[in-house]
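Okay, structure first, notes after.
Each reported figure results from applying straightforward, stated rules to the coordinates on display, with no laboratory input. Because the structure is a prediction, the values reported are computed rather than measured. Backbone-built Cβ (ideal geometry, glycine too); neighbour counts: all protein chains shown.
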Amino acid sequence: MPYLLLARRIALLRTAPFPYDTNDTIMANIILPPGWQLKEYQTTTEAAYHNRRAFLKTLGLGAIGLMTAATGLGCAGEVHSSHAGAVVDPEGPLDTIPPNAPRDGYPATRNTLYTVPERPVSDRLVASSYNNFYEFINQGNLKRVWPHTGAYEAFPMTLEVAGLVEKPFTLDVGNLIVSMDLEERLYRFRCVEAWSLTVPWTGFALSKLIERCKPLSKATHVQFVSANRPKQMPGIPSAPWYPWPYYEALRMDEAMNELAFVATGLYGEPLPKQNGAPLRLVLPWKYGYKGAKAVVRIAFTDKQPKTFWNELQPKEYGFLSNVNPNVPHPRWSQATEKFLPREGVEERVPTQIFNGYDEWVGALYPDTPREPTRPMAR
């Protein structure tokens with residue numbers, strides 16, 4: 001729609017009477033597009049996508065934005081949410097940022113200690129539309145997660161701290177985020193399925209969160225448990241054979257390593273739902289499934305906890321799950337990976353041991369295979 005015409009319509013909305021309560025669903029003048037019509041995110045560059053959002057803000061759409069959020073009707077670029085049990089699907093992969101996510105600290109300053117000099121940053125649309133998140137979809141096109149996130153409410157969310165700590169407690173995730181000094185880190189991301197991205201994450205060191213948890217000295221491991229909301233996450237009820245909720249774990253020395261990161265955002269904004277909102281783990285030297293998404297519980301223990309995929313398929317997914325081109329998956333090689341810099345482009349590149357972070361974490365694993373070997377057995 002031309003900006004001038006849009007502005008005129010907005011002006012009429014702002015001056016016209018509004019005789020019904022905003023809790024009612026507005027049905028007038030809704031045009032259902034034909035199935036063949038492309039979405040805005042498919043025909044618009046990312047820069048134009050965000051320029052349109054900025055333009056709408058300049059027109060004084062604060063009140064109208066609140067109105068549309070309340071009714072579940074949002075302009076492209078605004079988050080679509082559920083209302084009174086009715087779910088409005090997001091229009092595109094950038095429309096899934098929770099509208100009530102904290103914005104303080106964004107965009108964060110990039111920490112220049114962490115660089116990826118050998119390849120470009122992946123396009124934001126690729127990183128937000130090529131995901132695995134089985135709580136939302138675990139059959140069919142597994143990478144197309146974002147269309148299934150409409151019902152999911154990432155905020156408010158609480159984080160439970162339990163196990164071997166001085167005192168168990170629960171905190172509000174939104175308050176946690178605003179209390180932390182956020183930074184941006186550019187990391188390689190490597191999936192066990194042999195594809196990869198380069199992503200600028202926003203968040204804070206996992207060690208800072210652990211320090212706040214005050215674990216006892218006898219704690220040797222820490223477990224992370226993800227949200228389990230079958231009414232909001234359609235993949236959970238559709239796959240009752242999985243042992244929900246999702247759970248992962250680290251040794252304490254891994255969790256305290258400076259690379260271990262709690263991500264609250266990416267590309268300068270809060271996390272989209274399909275990327276793990278409201279917070280997720282980012283462990284760049286490990287395969288992606290080790291980074292639990294939508295974490296709601298942290299528990300410290302003096303024994304190695306079970307983990308989701310290791311318990312289901314121990315011959316294919318080890319507890320450590322470090323990126324290593326010398327250790328093939330039983331069903332495919334890990335020697336190379338499909339790097340995804342932008343939509344429609346794939347580059348086959350060699351996989352680096354520990355995903356290129358050997359100098360940071362190699363000393364943690366003195367027994368790691370440095371030469372080609374058989375598939376992982378632990």
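General observations
- Summing Lys and Arg as +1 and Asp and Glu as -1 over all other residues whose Cβ lies under 15 Å from the Cβ of Phe204 gives a net charge of -1.
- Among the listed pairs Lys231/Lys273; Lys143/Lys290; Lys306/Lys338; Lys218/Lys315; Lys208/Lys338; Lys286/Lys306, those whose Cα-Cα separation exceeds 25 Å are Lys306/Lys338; Lys218/Lys315; Lys208/Lys338.
- For the pair Phe169 and Asp253, label points projected 7 Å from Cα toward Cβ lie 3.0 nm apart.
- Dividing the Cα radius of gyration of region 124-364 by its Kirkwood radius returns 0.93 for Rg/Rh.
- Counting beta carbons within 10 Å around each of Arg297, Arg348, Arg190, Arg144 and listing the fewest first gives the order Arg348, Arg144, Arg297, Arg190.
- The distance separating the Cα centre of region 163-180 from that of region 99-144 comes to 24 Å.
- For Lys315, Lys143, Lys303, the sequence from fewest to most other C-beta atoms within 10 Å is Lys303, Lys315, Lys143.
- Under 5 Å from the amide H of Phe339 lie the amide H atoms of Ser196, Glu347, Arg348, Val349, each residue being 5 or more positions distant or on a separate chain, with H modelled from the backbone and absent for Pro and chain starts.
- Estimated from the Cβ-Cβ distance and a Förster radius of 25 angstrom, the FRET efficiency linking Asn111 and Ala363 is about 0.70.
- Charge tally for Asp302 (other residues, Cβ to Cβ under 12 Å; Lys, Arg +1; Asp, Glu -1): +3.
- When Rg and the Kirkwood Rh are both derived from Cα coordinates, the Rg/Rh ratio for region 146-196 amounts to 1.09.
- Averaging the Cα positions of each part gives two centres, and for region 233-248 and region 343-378 these lie 29 Å apart.
- Annotation: the residues Leu182, Leu171, sorted from fewest to most other C-beta atoms within 10 Å of their own C-beta, follow the order Leu171, Leu182.
- Rounded to the nearest Hz, the phi-derived 3J(HN,Hα) couplings of region 342-351 under the Karplus curve 6.51 cos²θ - 1.76 cosθ + 1.60 (θ = phi - 60°) are 7, 4, x, 10, 10, 10, 8, 10, x, 7, where x marks glycine and proline.
- The modelled label-to-label distance for the pair Arg144/Leu216, using points 7 Å beyond Cα in the direction of Cβ, is 5.0 nm.
- Per the Debye formula on identical point scatterers at the alpha carbon atoms of region 184-263, with no solvent, log10 I(q)/I(0) at q = 0.25 Å⁻¹ is -1.14.
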